[in-house]
1. For the range 80-238, what is the convex hull volume of the alpha-carbon atoms per residue, in Å³?
2. Given R₀ = 25 Å, FRET efficiency for T205-E133 by Cβ-Cβ distance, to 0.05?
3. In terms of the Cα gyration tensor, with a ≥ b ≥ c the square roots of its eigenvalues, is the range 213-354 rounded because a/c is under 1.5, prolate because a/b exceeds b/c, or oblate?
4. Please find the FRET efficiency linking A234 to E13, where r is the Cβ-Cβ separation and R0 is fixed at 41 Å, and quote it to the nearest 0.05.
5. Below 8 Å, C-alpha to C-alpha, sequence gap of six or more: please give me the relative contact order for the chain in percent.
6. Give me the count of lysine pairs in the chain whose alpha carbons sit under 19 angstrom apart, restricted to pairs 8 or more positions apart or on different chains.
7. Largest first and to the nearest Å, give the Cα extent of the range 41-138 along each principal axis.
8. With each pseudo-label sitting 7 Å past Cα toward Cβ, what's the T247-E85 distance in nm, one decimal?
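The values are calculated or read from the model by the stated rules, or taken from the named source; none is laboratory data. For clarity, every value in this text was computed on a predicted model and none was experimentally measured. Here the Cβ positions follow ideal geometry from the backbone for every residue, glycine too, while neighbour counts run over all protein chains shown. Surface accessibility is based on the protein's heavy atoms, side chains included, excluding ligands, DNA and RNA. Shrake-Rupley method; radii C 1.70, N 1.55, O 1.52, S 1.80 Å.
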Amino acid sequence: MGAPETEDEVLFERRGPLGIVTLNRPKAVNALNHGMVQAMLRQLTAWADDDAVATVLVRGAGDRGLCAGGDIVAIYKDMLHGGTETAEFWADEYRLNALISHYPKPYVAFMDGLVLGGGVGVSAHGSVRIVTERTRTGMPETTIGFVPDVGGTLLLSRSPGEAGTHAALTGAHLSGADALFLGLADHFVPSASLPVLAEALESSTAEAAVERFVHTAPDSVLAAQLEWIDAAYAREDAEEIVRSLRTLGNDATAAADTIEAKSPTSVKVTLESLRRVRGLSLEEALDQEYRVGLRCLAGPDFREGIRAQVVDKDRNPQWKPPILAEVRESDVEGYFAPLGERELGLSATPVQSN
């Protein structure tokens with residue numbers, strides 16, 4: 001107890017009955033790679049059966065955030081070389097997401113600073129999800145030619161009205177108050193109180209500790225916009241959504257502009273993903289996201305989106321096709337076709353750690 005067990009990029013520590021996971025790549029805003037996910041799977045599985053561990057806390061090293069998502073530069077390099085590392089990474093990452101959602105002990109996530117993509121996967125499936133005034137969260141995948149994953153389609157499909165559809169298609173960064181409104185988080189705690197809360201978790205239950213530090217959250221901007229969001233997004237077709245947004249003006253017009261700058265294929269596949277995932281279990285949702293993800297790896301937009309945003313940083317992706325109207329329904333359908341022997345199969349098997 002006391003001294004962290006060093007796994008370089010993720011640290012595990014026991015402080016009394018509290019098991020602490022610290023994502024430890026601060027220069028990369030703790031972006032997840034395969035080794036980190038595998039280490040978390042092993043340790044969380046061990047702690048789940050350890051009677052000496054009563055509560056688990058997940059936090060990020062440094063002051064920039066819990067986790068900015070998956071390591072997309074590594075994914076880009078894997079795509080360039082036609083490798084299989086990304087598919088293997090996602091398979092373990094999704095197993096981790098499922099494990100967290102069923103965790104038998106309080107799983108406390110400090111969603112402070114940036115919490116994007118894969119960072120949502122290691123936090124928003126937990127049982128005690130804490131945001132702060134510094135939280136900037138969301139699923140920005142359409143910006144890089146991808147689709148929300150790590151169970152994000154299911155989480156956003158359960159948000160009030162069509163707020164989750166808006167968040168998914170625009171890829172907007174959301175405040176802590178917005179995360180609470182969307183159902184991605186449970187409690188608002190000032191960021192300055194997090195170190196003291198972490199100490200309190202060492203000597204009291206998660207419920208009692210959190211109760212001492214919870215504050216009333218600011219108003220959610222997204223909640224105030226729900227009327228026009230519901231009016232525009234309650235459609236099954238992305239072009240119709242954009243047209244409707246443009247008739248509503250102001251913030252809605254800005255949303256339309258944002259959506260039209262994203263990968264048209266990603267926008268349509270994301271919308272279809274959100275509609276199909278309703279009523280599914282998390283494991284079924286992850287299986288669907290895995291099918292979609294592998295199809296994104298094989299298509300042109302995911303690679304081009306990462307190139308434009310992260311590699312060359314010209315912010316000028318050349319999407320194929322370039323507009324929503326040119327994305328055929330049959331193309332979208334193809335993203336959801338069964339994978340045969342490559343199926344993830346989480347919904348058919350219990351959550352495992354290997």
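1. Details: hull volume 20.6 nm³, N = 159.
It is 129 Å³ per residue.
2. Details: r = 25 Å, r/R0 = 1.01.
The value I calculate is 0.50.
3. On the way: a/c = 1.61, a/b = 1.21, b/c = 1.33.
Because a/c hits 1.5 or more and a/b fails to exceed b/c, the range 213-354 counts as oblate.
4. Working: r = 47 Å, r/R0 = 1.14.
With a Förster radius of 41 Å, E is 0.30.
5. Details: 691 pairs, mean separation 57.2, N = 354.
Computed over the chain, the figure is 16 percent.
6. Working: K27/K313; K77/K313; K262/K313; K262/K320; K268/K320.
Count of close lysine pairs: 5.
7. Principal extents (Cα only, largest first): 44, 34, 19 Å.
8. 4.9
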